[in-house]
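Have a look at the structure below before the remarks.
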Amino acid sequence: MKTLYQTLEDRGNIDYVEKHGPFLCKADSAWLGRGYYYWDTFLDYAKWWGEKLYPKQGYIICESKVDFHKVKVLDLEDPEVMMYFKQTGEVLGKVYKDRTVFVSQVIEYLKKETSFDYQVIRVRVQGATKESYLPGHVMNFRIEHKAFLDLMPQIQVCILDKSLIGEDNFHVIYPPEYSEGYVI
């Protein structure tokens, strides 16, 4: 089972959120296309995203647990999948010679032009430098080397079909006072 976290604006409507979530991202800027976006495994990134996106109004984090062994995942960390994805992007690059091809465009092309039967898209978001990672999440290989091991990679999951989440599988866990069983 994968533990997934969705970060949302805190509107003080916890009952509504738990009843109707997860929530679809349909923004044109959604980098994996339309879907239900989650952070994979690491709660720290869900908090980081909330602080970045909702600094004034505050945020909540909801948790879902999903068995990825029972679904087809387009895992953009798998080297074979990455090669296929790269080749598809190169084909699109020849079609759109004057434009940059983006990840979401390759995904949309695969959905329309191939037998795309994936239910989940999983991608590791790469930071520009080691300093862009949260403190304590990287470990150097050697003192004199710049290379490092990313112990808590920023992995996003885009679930394409809400039914995959299942019933009663979306619970507010942060801030703690909103979670079930919280005691003062």
Of (1) in a helix (DSSP H, G or I); (2) over 23 Å from Ser163 (Cβ atoms); (3) acidic (Asp, Glu), Asp28 satisfies every one except (1)
The residue that is least open to solvent (accessible area, probe 1.4 Å), considering only those in region 122-149 that are at pLDDT 75 or above and of a type in the set (D, E, K, R), is Arg122
Expected output for region 87-102 (first residue closer than 19 Å to Gly33 by Cα, partner of a type outside the set (Ser, Thr, Tyr) and assigned to a helix (DSSP H, G or I), Cβ below 8 Å, 6+ apart or cross-chain) is Thr88/Val106; Thr88/Leu110; Gly89/Val106; Leu92/Gln105; Leu92/Val106; Val101/Gly89; Val101/Leu92; Val101/Gly93
* To do: Say whether the condition of being of a type in the set (D, E, K, R), touching a Phe, Trp or Tyr at 6+ places or on another chain (Cβ under 6 Å), outside any strand (DSSP E or B) and modelled with pLDDT of 90 or more is met by at least one residue in region 50-72.
  => yes
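Being surrounded by 15 or more Cβ atoms within 10 Å (Cβ to Cβ) and out of contact with any helix residue (DSSP H, G or I) (no Cβ under 6 Å at 6 or more places or on another chain) narrows it down to one residue among Tyr37, Tyr59; which is it? Steps first, answer last, please.
On the way: Tyr59 fails: out of contact with any helix residue (DSSP H, G or I) (no Cβ under 6 Å at 6 or more places or on another chain).
Only one candidate qualifies: Tyr37.
The values are calculated or read from the model by the stated rules, or taken from the named source; none is laboratory data. Since this is a predicted model, take the numbers as computed values, not measurements. Heads up, the Cβs are rebuilt from the backbone with ideal geometry, glycines too, and the neighbour counts pull from every protein chain shown. Heavy atoms of the whole protein, side chains included, go into the accessibility calculation; ligands, DNA and RNA do not. Shrake-Rupley method; radii C 1.70, N 1.55, O 1.52, S 1.80 Å.
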